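**Student:** Below is the structure I would like to discuss, written out as structure tokens.
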Amino acid sequence: VQQLLSFSRKTDEESKPINMSPIIRESMKMLRSAIPTSVEFKQHVSDDLCSVMGDASQINQIVMNLVSNAADAMSEEGGLLEATLEKIILQEEKACFDWVLSPGPYVKLTMRDTGEGIEPKTMDRIFEPYYTTKEIGKGTGMGLSVIHGIVKRHGGGIWVTSTLGKGTLFEIYFPALEETAE
């Protein structure tokens, strides 16, 4: 229900300065218990202040959806799920899924898995609402479209690369704040 509300933008968003580091750490810690042990977790969360103007529950939603999809992609063989959070500076424009980010400071969340990967013919549709490649009863097709909406509302961008049989890499960029976060 929360995903549908978020997708339709009928949620009470509370945008304020937040430090993403503790949000990512807590989300990954919580999700570790829900993901099969055949999936190894690694996280590299910067100790630098990774402040963005945003909503903590929506950042948590992004992590939950990405981890859930990655776990599904590795359900057969197991594998590695690696989360990285770092503060970066884009020196030049960065092409993203359907827009271009301007140069400047960003907080970059990277989720990499060693799952089955995404077929090239599917890649252009992954952010469409209700589009899913999962069998009936296994997915709604809302996860990535919700992520797309949240990232756009935060003024960020998404870059996705995938290789069949090797895995998928999501890079999510949020405009960084210099001020102190709550």
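The values are calculated or read from the model by the stated rules, or taken from the named source; none is laboratory data. No experiment lies behind these values; they were computed from the predicted model shown. Cβ coordinates were reconstructed from backbone atoms using ideal geometry, including for glycine residues, and neighbour counts include every protein chain displayed. Surface accessibility is based on the protein's heavy atoms, side chains included, excluding ligands, DNA and RNA. Shrake-Rupley method; radii C 1.70, N 1.55, O 1.52, S 1.80 Å.
**Student:** Pick out the one residue from LYS138, LYS121 that is modelled with pLDDT of 80 or more and either open to solvent by 60 Å² or more (accessible area, probe 1.4 Å) or assigned to a strand (DSSP E or B) (or both).
**Tutor:** Values: LYS138 fails: modelled with pLDDT of 80 or more.
Just one listed residue meets the conditions, LYS121.
**Student:** Name the residue, out of SER27, SER75, SER68, that is of a type in the set (S, T, N, Q) and in a loop (DSSP other than H, G, I, E, B). Working first, answer last.
**Tutor:** Details: SER27 fails: in a loop (DSSP other than H, G, I, E, B); SER68 fails: in a loop (DSSP other than H, G, I, E, B).
Exactly one residue qualifies, and that residue is SER75.
**Student:** Here's a check for you: in region 75-100, which residue that is open to solvent by less than 30 Å² (accessible area, probe 1.4 Å) and in contact with a Pro (Cβ under 8 Å, 6 or more places away or on another chain) is farthest from LEU144 (Cα to Cα)?
**Tutor:** Filtering region 75-100 for residues that are open to solvent by less than 30 Å² (accessible area, probe 1.4 Å) and in contact with a Pro (Cβ under 8 Å, 6 or more places away or on another chain), the one farthest from LEU144 (Cα to Cα) comes out as LEU90.
**Student:** OK, next. Restricting to region 14-68, name every residue that is in contact (Cβ under 8 Å) with a residue 12 or more places away in the chain, β-branched (Val, Ile, Thr) and surrounded by fewer than 20 Cβ atoms within 10 Å (Cβ to Cβ).
**Tutor:** Within region 14-68, ILE35, VAL45 meet the criteria.
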